[in-house]
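Visitor: Questions regarding the structure given below will be posed in turn.
The values are calculated or read from the model by the stated rules, or taken from the named source; none is laboratory data. Predicted model only: the values in this text are computed from it and were never measured. Reconstructed Cβ throughout: ideal geometry from the backbone, glycine too, with neighbour counts over all protein chains shown.
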Amino acid sequence: MPPFLVEFVRRAFNPGQSSSGFSAQWKNPGDVFSVLLILGGDVVARALAQLVGSRITPVAFSFGWVAYAVSAVVGAMGDNKLMPSPDTPCEVINAKSGYTRANTSWIIGRVVRDYDDWKDEAISKHLKSMLDKKDEYDRRMIQTKPGSGDILPYPKKTGLCVSVYKAEEAQAGVPGYDFVYWLGFGTSILELGIAAIPCGIFGDWSIFLITVVGILLSFLTGSLPQWKEEKWACRGRCEKDVILTRGNGSQHAILILGQGKGFDLEDLAAGQRDSDHSHKKETRFALLGLAVLWILLLITAAGIKENSWFLLAIGGVGIIQNVYVAGKMRHPAAY
């Protein structure tokens, strides 16, 4: 009989081996954290886009930062852009000339996406009256068919609703500091509190060290000056009036009167993609250095074998903040 087959036959039958392996993994899932650190980079990118621009960008340390850092380096080697493309397609129309631009600005995309949340109460009431009139008209039109009005659903859309807003004073790099912004600081403090538990109880300071370094790297990544230049790539104190809309067939058209106070939204719509940052070597070197530090942090975190549930809790708290910030509807004043 071949030696390998003899060894295979002689192995003891041990049904408890699998359960002990599962038990050990669930007690200290250390390797899982290092794997999770390379997932979710797109969530981190969107959370950064929401908050960057001021001196401190409180996007919490979480899963996904290593993946984001590496992808940012790849982007820096190309067109050297930091801001992601808008996730809501819309158009910006010059109210005087009628010229239409496809939007490339993250800010304008989110302003249009979140309009149903921040629009004035008077607009909501007017839209409701428009829908009521459409419903009444539809029911009159089908009165010739007995019983058909009973199954006619209430309309979800009606004719174009145009709302008019006046711009207020705005300054690049000075966003409104809303709850979404301050939540990042609270989350970071909570993460430090969780990391301090194994340090205080067991004397294990490794998790606290990983957390402190992760928070510092997170804040440093969001503090690069180029974020501000890309996010507000436009002129200020604009007299221009513009219309924001999702395009043909959309329910709303938002007319914004510049009044010499707000941003030039026509500039902003094209500025994020058209601005040339390819010559900025400082950003490339900074992103490369940060990516190296993130990878070193990943390698270090992979060596933690004890009390790793605390590390997973820290990453979990951070990713919850990231997801909330990335998707949260905000008022235009927050930008």
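Visitor: Out of Q143, Q171, I need the residue that is surrounded by fewer than 15 Cβ atoms within 10 Å (Cβ to Cβ) and more than 30 Å from D241 (Cβ to Cβ). Which one?
Guide: Q143
Visitor: A further question on this structure: Select from the stretch 210-255 the residues that are over 30 Å from S163 (Cβ atoms), of a type in the set (A, V, I, L, M, F, W, C) and in contact (Cβ under 8 Å) with a residue 12 or more places away in the chain and list them in ascending order.
Guide: Once the filter is applied, which keeps residues that are over 30 Å from S163 (Cβ atoms), of a type in the set (A, V, I, L, M, F, W, C) and in contact (Cβ under 8 Å) with a residue 12 or more places away in the chain, the stretch 210-255 yields I210, V212, V213, I215, L217, F219, L220, L224, W227.
Visitor: Determine whether N322 is of a type outside the set (A, V, I, L, M, F, W, C), surrounded by 16 or more Cβ atoms within 10 Å (Cβ to Cβ) and on the phi > 0 side of the Ramachandran plot.
Guide: For N322, the condition - of a type outside the set (A, V, I, L, M, F, W, C), surrounded by 16 or more Cβ atoms within 10 Å (Cβ to Cβ) and on the phi > 0 side of the Ramachandran plot - is not met.
Visitor: Still on this structure, please answer the following. It is to be established whether one or more residues within the stretch 50-60 are assigned to a helix (DSSP H, G or I) and out of contact with any Cys (no Cβ under 7 Å at 6 or more places or on another chain).
Guide: Yes, some residue in the stretch 50-60 is assigned to a helix (DSSP H, G or I) and out of contact with any Cys (no Cβ under 7 Å at 6 or more places or on another chain).
Visitor: Report whether or not A269 is closer than 19 Å to P86 by Cα and under 23 Å from the mean Cα position of the chain (by Cα).
Guide: yes
Visitor: Residue by residue through the stretch 230-283, note down the ones that are in a helix (DSSP H, G or I), modelled with pLDDT of 90 or more and small (G, A, S).
Guide: Correct list: A269 only.
Matching residues to (1) over 25 Å from C238 (Cα atoms); (2) touching a helix residue (DSSP H, G or I) at 6+ places or on another chain (Cβ under 8 Å); (3) modelled with pLDDT under 95:
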site	(1), (2), (3)
F61	yes, yes, yes
G64	yes, yes, yes
V74	yes, no, yes
N80	yes, yes, yes
P86	no, yes, yes
A95	no, no, yes
T100	no, no, yes
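Visitor: I need the full set of residues from the stretch 285-319 which are in contact with a Ser or Thr (Cβ under 7 Å, 6 or more places away or on another chain) and surrounded by fewer than 17 Cβ atoms within 10 Å (Cβ to Cβ), in order please.
Guide: A302
Visitor: Can you find, within the stretch 194-229, the residue that is farthest from W65 (Cα to Cα) among those that are over 22 Å from the mean Cα position of the chain (by Cα) and not in a helix (DSSP H, G or I)?
Guide: G203
Here is a yes/no grid of residues against (1) outside any helix (DSSP H, G or I); (2) touching a residue at least 60 places away in the same chain (Cβ under 8 Å); (3) in contact with a Lys or Arg (Cβ under 6 Å, 6 or more places away or on another chain); (4) among the basic types (K, R):
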{"position": "G98", "(1), (2), (3), (4)": "yes, no, no, no"}
{"position": "K125", "(1), (2), (3), (4)": "no, no, no, yes"}
{"position": "G159", "(1), (2), (3), (4)": "yes, no, no, no"}
{"position": "A172", "(1), (2), (3), (4)": "yes, yes, no, no"}
{"position": "T187", "(1), (2), (3), (4)": "no, yes, no, no"}
